[in-house]
Each structure stands twice: as C-alpha cells, then as structure tokens.
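S.K.: Sharing a structure, written as structure tokens. Questions coming.
The values are calculated or read from the model by the stated rules, or taken from the named source; none is laboratory data. It should be emphasised that the depicted structure is a prediction, and the values quoted were computed from it without experimental measurement. Backbone-built Cβ (ideal geometry, glycine too); neighbour counts: all protein chains shown. For accessibility, only protein heavy atoms count, side chains too; no ligands or nucleic acids. Shrake-Rupley method; radii C 1.70, N 1.55, O 1.52, S 1.80 Å.
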Amino acid sequence: MKYYSLNNTAQQVSFREAVTVGLAPDKGLFFPEHIPFLGEAFFKTMASKSDVEIAFEAIRSLVLPEIPEDILYTIVEETLDFDFPIITLDKDFSILELFHGPTMAFKDVGARFMARCLGYFNQNNANNVTVLVATSGDTGGAVADGFLGVQGIRVVILYPKGKVSDIQEKQLTTLGQNIHALEVNGTFDDCQAIVKQAFIDEDLKAKIQLTSANSINVARWLPQMFYYLIACKNLGHKYDKLVFSVPSGNFGNICAGMVAQKMGMPVQHFIASCNANDTVSTYMKTTQYKPKPSVQTISNAMDVGNPSNFVRIQELYEKTFATLASNLSVHSFTDEETKSALQELYAQYKYVADPHGAVGYLGAKKYKKSHNDPHVVILETAHPAKFSSVVEHTLGLSIKLPEQLEKVKNKPKIATEVSSYQEVKAFLCK
Ligand SMILES: *Cc1c(COP(=O)(O)O)cnc(C)c1O
C-alpha cells in the first residue's frame with residue numbers, strides 16, 4: 001500500500017516510509033492511497049474467526065509488502081495480547097472495555113503495533129531512531145510500555161510538569177532502558193509546540209533520525225480499527241443496527257473506526273463524544289472549522305482544541321459535508337454533565353466508568369433520544385483507577401488499584417526537567 005500526503009496527493013510513500021518519518025515533508029498527514037474493501041463474505045463469516053485472524057486480514061493490505069505476512073501475523077498477535085470485553089448495560093447500550101492492556105488505556109493497541117513495526121524496520125539499522133512524543137497523560141505511558149526494550153529505538157517523552165496524574169507520571173518515568181522522560185515547565189500545548197519545532201529543525205534532523213508516535217503516525221492510527229471489528233463480531237448477530245460512541249480528542253480513534261466502516265464493516269453511524277473542547281461540534285453546526293486553545297477538563301486526554309486527525313475524516317468523506325453529517329454526530333458536554341453521567345452509570349447499572357467513558361455514555365444517550373432502533377456501543381477508553389481522584393470523589397467509593405498500576409506506584413521517578421526548546425534539543429543531541 002502506498003500512502004499520500006494530505007497536502008499533496010502526488011507525494012506518495014511506502015508504509016515503511018510513512019511509519020519511519022511520521023509526517024510528510026510538506027507537513028501533511030499520510031493517508032492510504034485506497035481503502036481496501038473486505039467484502040460481505042468477510043463480515044458474514046467473522047463469527048467463526050479468531051480476533052487475531054480478523055485483525056490480520058483487515059490490516060494486511062494496508063501494510064504489505066514491507067512486512068512479511070508471517071511477521072505481520074505475529075505483530076498482530078502480540079498487539080492483541082489482552083481482552084476486549086463487552087459489558088451489556090441493557091437493550092440500548094453496551095460498553096466495550098479497551099483498558100485491559102499493560103497501561104490500561106486503549107492507546108496500548110496502537111503503541112504496541114507501531115513499536116513492533118518500527119522495531120522490524122529498524123532491526124539492521126546502525127543508527128538509532130528517536131521517537132519524540134508529547135503527552136497530556138495516556139499517550140506517554142502507552143508509548144513507553146510499547147517501545148520498552150525495542151532495539152534501535154530511543155523514546156523521548158515530553159510531559160507538562162504537575163499536569164498529569166501521579167500514576168500517569170509513574171508510567172512514563174520509571175521504566176528506564178531506552179525510555180527517557182522530559183518534564184517540561186509549561187502546559188501540554190508547550191510540549192506539543194516543542195515537538196513541532198523539533199520536526200522542522202533541519203539542523204537537528206541532520207544529526208538524528210526523528211519520528212512521532214502520536215496518532216498522526218499511520219502505524220498508531222490504523223490498528224485502532226481492530227477492536228471495532230472485534231465488537232462487530234461479538235454483537236453483530238445480536239443487533240440489526242450498531243452505532244459506536246467514541247470519546248474523542250484528536251479524533252484518531254473514531255477515524256480508525258470509520259476506516260473499518262469503509263472497508264465494509266456493517267455499522268450505522270458514529271458518535272464523537274467530546275468534552276468542553278468543542279471545535280468539531282461547532283464545525284458540524286456551522287461548517288466553519290475554527291481551532292482554538294484547549295481548555296482543561298476532568299476528561300483530560302480529550303483536551304484538544306485542534307484535533308489533528310479531523311483532516312483524515314474529511315478525506316474519508318471526500319470533503320462532502322452532507323455525507324459526513326449523515327454518518328457522524330458530534331456532541332460536547334460539560335464536566336458537571338460528565339460527573340452526573342458517572343453517577344447515573346453507577347446508580348443504574350452498577351458500572352464504574354472513567355470520565356472519558358462517561359462522556360461516551362452522554363453522547364450515546366443523546367443519540368438514542370432521536371434514534372430508537374440502533375444499539376449503541378460505548379468505547380470505555382481508560383480504567384477508572386487512572387482517574388481515581390475524580391471518580392472516587394464523584395461516586396463516594398474507593399477503587400482498588402489494578403495490578404498493572406500497582407506495579408509502577410512505588411518505583412522511583414527519573415525525569416529531566418526542561419524549560420525551553422534549546423534544552424530539549426541539547427538532550428536529543430547528547
Ligand atoms: C487519547 C484518549 C482519548 C482520545 O482519543 P483520540 O484518538 O485522541 O480521539 C480518549 N480517552 C482516553 C482515555 C485517551 O487516553
């Protein structure tokens with residue numbers, strides 16, 4: 001499969017190149033030259049296939065020929081090394097739990113897949129590749145865990161000092177080996193600005209090979225389609241019409257689901273459930289796309305004012321607004337509504353959600369008000385223990401720390417404090 005830059009369709013590269021450089025030289029996001037159609041038979045017979053077989057068949061033509069099939073199969077197997085349980089709340093709603101991986105966020109799926117692809121491409125490369133990534137919390141942990149010990153790759157994570165939860169900080173500062181954490185005196189936007197500056201610094205790029213592990217990287221973005229397909233396999237025979245409600249920030253996760261739909265996955269509609277960061281919901285109402293600075297909320301992994309993957313969604317719909325609007329609803333909710341949703345999920349279903357999943361539930365409920373038939377699958381993107389202070393306070397209970405998080409809790413933090421781009425550059429060139 002070839003990938004083109006969204007800034008210039010003539011600028012085509014291989015999957016390998018797209019993964020290795022992250023972003024096209026003209027700053028465009030990469031997009032597959034065509035979306036393979038899996039065919040009706042694939043979906044009719046999926047119940048008899050394993051999750052790994054389904055995922056492998058779906059991603060195969062998006063990757064081949066640069067990774068041999070047997071190696072790709074192993075990569076998919078290792079990526080899906082944990083469960084994706086579905087909890088049915090009632091006839092209207094189910095919850096798809098995506099947090100059973102090593103760092104308890106859905107980002108484990110993309111990070112594990114990308115780390116293994118990059119590790120394969122880089123195995124005989126004498127020069128290290130540096131993965132540079134900014135995190136507001138969950139990305140850093142998932143990328144750190146996914147890339148730990150991968151040969152030929154150095155990972156440098158920038159996070160805003162004092163603005164990620166204690167557990168999240170431990171997840172990215174305690175691993176050692178090839179994982180380095182830089183604690184930035186500033187906000188998440190500052191971290192992202194530093195990363196962007198590094199990617200346009202020709203002097204730096206002459207010295208080291210840089211790539212990104214945010215969802216702009218196709219190897220992190222595309223494997224997120226796996227669990228939508230797994231959910232379809234498990235629910236498709238029970239309900240005639242399925243809809244997904246996806247807690248959204250950068251819109252990478254939901255966009256991967258929409259790619260699966262283009263491949264033939266039988267799903268009626270998508271709901272992007274957002275917090276107070278309402279750039280896209282405003283766009284759907286006004287057709288004016290106006291990015292704005294992010295605002296801080298209790299569902300902080302979705303505090304994004306200019307969602308980087310939205311251009312990919314527009315590309316999928318060939319920029320026709322009407323078709324996009326018929327397939328996607330976008331709703332935005334306040335922190336107060338999110339807390340009420342946490343309480344309602346607990347009171348009505350005895351389900352302890354995290355704030356992101358609670359936003360997903362709000363979007364699902366809003367959609368159901370005007371659509372009676374479909375069954376809505378809500379993606380629960382993180383374990384509630386990752387956001388324990390909000391959840392415990394809102395529900396008046398205490399959450400037991402799962403084993404994955406308990407493990408890092410008492411390890412010593414190792415991070416380098418930085419305050420400027422120059423300091424980060426000096427670290428990278430060391
Ligand atoms: C990253 C993240 C999101 C948002 O996902 P996008 O792909 O950026 O839309 C939602 N919930 C949690 C817990 C996250 O970590």
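S.K.: Could you tell me which residue of the stretch 98-112 is nearest to Lys407 (Cα to Cα), considering only residues that are more than 10 Å from the ligand (Cβ to nearest atom) and over 12 Å from the mean Cα position of the chain (by Cα)?
M.R.: Pro102
S.K.: Anything in the stretch 233-254 that is within 16 Å of the ligand (Cβ to nearest atom) and of a type in the set (S, T, N, Q)? List them, or say none.
M.R.: Just the residues of the stretch 233-254 that are within 16 Å of the ligand (Cβ to nearest atom), to begin with: 244-254.
Correct list: Ser245, Ser248, Asn250, Asn253.
S.K.: Is it true that Ala276 is over 25 Å from Leu6 (Cβ atoms) and at pLDDT 95 or above? Steps first, please.
M.R.: Values: over 25 Å from Leu6 (Cβ atoms): yes; at pLDDT 95 or above: yes.
Answer is yes for this residue.
S.K.: Determine which member of the set Gln288, Gln348 is closer than 27 Å to Lys91 by Cβ and open to solvent by 50 Å² or more (accessible area, probe 1.4 Å). Steps first, answer last, please.
M.R.: Values: Gln288 fails: closer than 27 Å to Lys91 by Cβ.
Among Gln288, Gln348, only Gln348 is closer than 27 Å to Lys91 by Cβ and open to solvent by 50 Å² or more (accessible area, probe 1.4 Å).
S.K.: Restricting the search to the stretch 265-280, which residues are open to solvent by 10 Å² or more (accessible area, probe 1.4 Å) and either touching a residue at least 60 places away in the same chain (Cβ under 8 Å) or not in a loop (DSSP other than H, G, I, E, B) (or both)? Write out each step before concluding.
M.R.: Quick first cut of the stretch 265-280, residues open to solvent by 10 Å² or more (accessible area, probe 1.4 Å) only: 266-269, 276-278.
Across the stretch 265-280, the qualifying residues are Pro266, Gln268, His269.
S.K.: Of all strands (runs of 3 or more DSSP E) completely enclosed by the stretch 116-225, which ones contain at least 3 residues that are open to solvent by less than 10 Å² (accessible area, probe 1.4 Å), within 16 Å of the ligand (Cβ to nearest atom) and in contact (Cβ under 8 Å) with a residue 24 or more places away in the chain? Even if it seems obvious, please write down each step before you answer.
M.R.: Numbers: elements: 129-134, 153-160, 179-184, 209-212.
Where strands (runs of 3 or more DSSP E) fall fully within the stretch 116-225 and carry at least 3 residues being open to solvent by less than 10 Å² (accessible area, probe 1.4 Å), within 16 Å of the ligand (Cβ to nearest atom) and in contact (Cβ under 8 Å) with a residue 24 or more places away in the chain, they are 153-160.
S.K.: From the list Ala322, Ala353, which one is more than 13 Å from the ligand (Cβ to nearest atom) and not β-branched (Val, Ile, Thr)?
M.R.: Details: Ala353 fails: more than 13 Å from the ligand (Cβ to nearest atom).
Only one candidate qualifies: Ala322.
S.K.: State the number of residues belonging to the stretch 325-343 that are open to solvent by less than 30 Å² (accessible area, probe 1.4 Å) and under 21 Å from the mean Cα position of the chain (by Cα). Explain how you work it out, then say what you get.
M.R.: First, pick out the residues of the stretch 325-343 that are open to solvent by less than 30 Å² (accessible area, probe 1.4 Å): 327-330, 333, 338, 341-342.
Next, from what is left, pick out any that are under 21 Å from the mean Cα position of the chain (by Cα): 327-330, 333, 338.
Residues that pass the stated criteria total 6.
S.K.: Now, a different point. Could you list, in sequence order, all residues of the stretch 240-251 that are crowded, with 24+ Cβ neighbours inside 10 Å and not in a strand (DSSP E or B)? Talk me through it step by step, then tell me what you get.
M.R.: Here is the first cut: in the stretch 240-251, the residues crowded, with 24+ Cβ neighbours inside 10 Å are 244-249, 251.
Those that are crowded, with 24+ Cβ neighbours inside 10 Å and not in a strand (DSSP E or B): Ser248, Gly249, Phe251.
S.K.: While we're looking at this one, here's another question. State yes or no: is Val295 out of contact with any helix residue (DSSP H, G or I) (no Cβ under 6 Å at 6 or more places or on another chain), assigned to a loop (DSSP other than H, G, I, E, B), over 22 Å from Leu96 (Cα atoms) and open to solvent by less than 50 Å² (accessible area, probe 1.4 Å)? Quick ask: steps written out before the conclusion?
M.R.: Details: out of contact with any helix residue (DSSP H, G or I) (no Cβ under 6 Å at 6 or more places or on another chain): yes; assigned to a loop (DSSP other than H, G, I, E, B): yes; over 22 Å from Leu96 (Cα atoms): yes; open to solvent by less than 50 Å² (accessible area, probe 1.4 Å): no.
Spelling it out, it is not the case that Val295 is out of contact with any helix residue (DSSP H, G or I) (no Cβ under 6 Å at 6 or more places or on another chain), assigned to a loop (DSSP other than H, G, I, E, B), over 22 Å from Leu96 (Cα atoms) and open to solvent by less than 50 Å² (accessible area, probe 1.4 Å).
S.K.: Looking at Pro36, is it farther than 30 Å from Tyr351 by Cβ, free of Cβ contacts under 8 Å to residues at least 24 places away in the same chain and assigned to a loop (DSSP other than H, G, I, E, B)?
M.R.: On the way: farther than 30 Å from Tyr351 by Cβ: yes; free of Cβ contacts under 8 Å to residues at least 24 places away in the same chain: no; assigned to a loop (DSSP other than H, G, I, E, B): yes.
No.
This table checks each residue for (1) closer than 19 Å to Asn234 by Cβ; (2) surrounded by 20 or more Cβ atoms within 10 Å (Cβ to Cβ).
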position	(1), (2)
Lys2	no, no
Gln12	no, no
Val19	no, yes
Pro36	no, no
Lys44	yes, no
Ser50	yes, no
Ile54	yes, yes
Glu57	yes, no
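S.K.: Restricting the stretch 365-405 to residues that are of a type in the set (S, T, N, Q) and open to solvent by 30 Å² or more (accessible area, probe 1.4 Å), which is farthest from the ligand (Cβ to nearest atom)?
M.R.: Kept after step one, since they are of a type in the set (S, T, N, Q), are these residues of the stretch 365-405: 370, 372, 381, 388-389, 394, 398, 404.
Still in the list and also open to solvent by 30 Å² or more (accessible area, probe 1.4 Å): 370, 372, 388-389, 398, 404.
On the way: Ser370: 24, Asn372: 28, Ser388: 14, Ser389: 15, Ser398: 21, Gln404: 15 Å.
Across the stretch 365-405, the extreme among qualifying residues is Asn372.
S.K.: Okay, next question. Limited to the stretch 307-319, what total is found for residues that are assigned to a loop (DSSP other than H, G, I, E, B), open to solvent by 20 Å² or more (accessible area, probe 1.4 Å) and either within 12 Å of the ligand (Cβ to nearest atom) or in contact (Cβ under 8 Å) with a residue 60 or more places away in the chain (or both)? Walk me through how you get there before you give the answer.
M.R.: Here is the first cut: in the stretch 307-319, the residues assigned to a loop (DSSP other than H, G, I, E, B) are 307-309, 317-319.
If we keep only those that are open to solvent by 20 Å² or more (accessible area, probe 1.4 Å) as well, we get 308, 317-319.
The next check asks that each one be either within 12 Å of the ligand (Cβ to nearest atom) or in contact (Cβ under 8 Å) with a residue 60 or more places away in the chain (or both); those that pass are 308.
Final tally of qualifying residues: 1.
S.K.: Next question, about the same structure. From Ala415, Ala353, Ala382, which residue is of a type in the set (A, V, I, L, M) and closer than 30 Å to Asp203 by Cβ?
M.R.: Matching residue, one of Ala415, Ala353, Ala382: Ala415.
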